[in-house]
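Encoded as structure tokens, the structure appears first; notes follow it.
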Amino acid sequence: MKLKTVYEIADELAPFSLSREYCAKFSHFDNSGVIADSGEEVLGVLFALDLSRKAAEEAKRIGANCIFTHHPAIYAPLSALSETKCPGLLLCLRAGISVLSAHLNLDAAKGGIDERLMQGLGGKEPLFVMDELTGGGYGRVFEIAPTPAEEFAAGAEETFQSKRIVLYGNRTVRRVASFCGAGLDERALSFALEKGADTVVSSDGKHHLLAAARERGLNVLLLTHYAAEFYGFRTFYETMKERLEVPCSLFADEDLL
């Protein structure tokens with residue numbers, strides 16, 4: 001199988017055009033697509049949220065010569081490669097392992113990581129989408145049956161298989177604003193308040209935003225970045241595995257869940 005074929009199948013599920021549209025419309029930066037091409041036929045694919053050294057070593061161990069990541073293996077421009085900056089990528093280059101990444105497009109796609117986060121929290125359809133795109137979007141406000149805050153947090157802990165969860169507040173949860181990854185910023189908080197949310201769910205919360213949310217009476221539930229995104233990434237892997245004609249495997253970094 002050609003690397004181009006892997007890209008094309010991923011593009012059907014999470015169009016890379018979503019990333020380009022997101023960057024153009026909301027002034028973001030992304031680097032989704034083919035990161036490294038060994039030029040070899042793809043014999044097996046390892047799916048991993050990050051291109052870590054551990055993921056690269058696992059690919060070598062199982063004989064997968066392609067790694068498909070969510071977070072781009074190269075994000076910011078690089079002037080040089082070194083073991084300290086990108087050990088996983090260097091290992092892949094030495095071993096002839098191609099690397100493909102789907103970031104903002106997989107966040108925003110229909111059935112993508114942001115939508116799966118909402119569903120994992122009990123939402124079915126969004127009432128509002130913060131960043132609407134052609135056939136997708138990011139940041140959702142949705143309703144669930146009234147649930148005590150601690151029960152809501154316990155359900156998230158079970159669903160996302162992570163014990164590193166922090167809950168601020170004790171309001172009954174009825175209307176939730178969720179943002180996968182590092183989505184809790186000033187604009188997201190304003191969106192949540194404007195749309196009447198009583199609870200915000202995201203990752204990587206900064207102190208001043210937590211304080212602002214609590215000052216305005218919002219619950220805040222913080223998942224690890226990894227757990228919040230691995231949930232939807234696992235679903236994407238299951239779908240890709242059915243489409244690809246080579247052995248596929250999913251790598252989970254338990255240290256980050």
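The values are calculated or read from the model by the stated rules, or taken from the named source; none is laboratory data. Just so it is clear, the structure is predicted and the values come from calculations on it, not from any experiment. All Cβ positions, even for glycine, are placed from backbone atoms using ideal geometry, and neighbour counts span all protein chains on display.
When every residue of segment 147-155 is checked against the conditions, none turns out to be touching an Asp or Glu at 6+ places or on another chain (Cβ under 8 Å) and either surrounded by 21 or more Cβ atoms within 10 Å (Cβ to Cβ) or under 14 Å from L121 (Cα atoms) (or both).
Exactly one residue among V246, V220, V176 is under 30 Å from V42 (Cα atoms) and over 17 Å from the mean Cα position of the chain (by Cα), and that residue is V246. Only residues that are under 9 Å from S19 (Cβ atoms) and either of a type in the set (G, A, S) or without any contact (Cβ under 8 Å) to a residue 60 or more places away in the chain (or both) were counted across segment 102-120, and they come to 2.
Residue count for segment 189-209 under the criterion of being within 30 Å of D253 (Cβ to Cβ) and either out of contact with any strand residue (DSSP E or B) (no Cβ under 6 Å at 6 or more places or on another chain) or not aliphatic (A, V, I, L, M) (or both): the result is 10.
If I filter segment 98-125 down to residues being surrounded by 24 or more Cβ atoms within 10 Å (Cβ to Cβ) and acidic (D, E), which single residue comes out as nearest to K4 (Cα to Cα)? Here the answer is D107.
Reported count of residues in segment 128-141, each being closer than 22 Å to F160 by Cβ and either outside any strand (DSSP E or B) or touching a Pro at 6+ places or on another chain (Cβ under 7 Å) (or both), is 2.
Taken over segment 1-53, the criterion of being basic (K, R), over 29 Å from V129 (Cβ atoms) and modelled with pLDDT of 95 or more is satisfied by K2, K4.
Taking segment 154-257 as the region of interest, the helices (runs of 4 or more DSSP H) fully inside it that hold 1 or more residues being within 30 Å of A59 (Cα to Cα), outside the structural domain of F142 (by TED's automatic domain parsing) and out of contact with any Pro (no Cβ under 8 Å at 6 or more places or on another chain) are 225-243.
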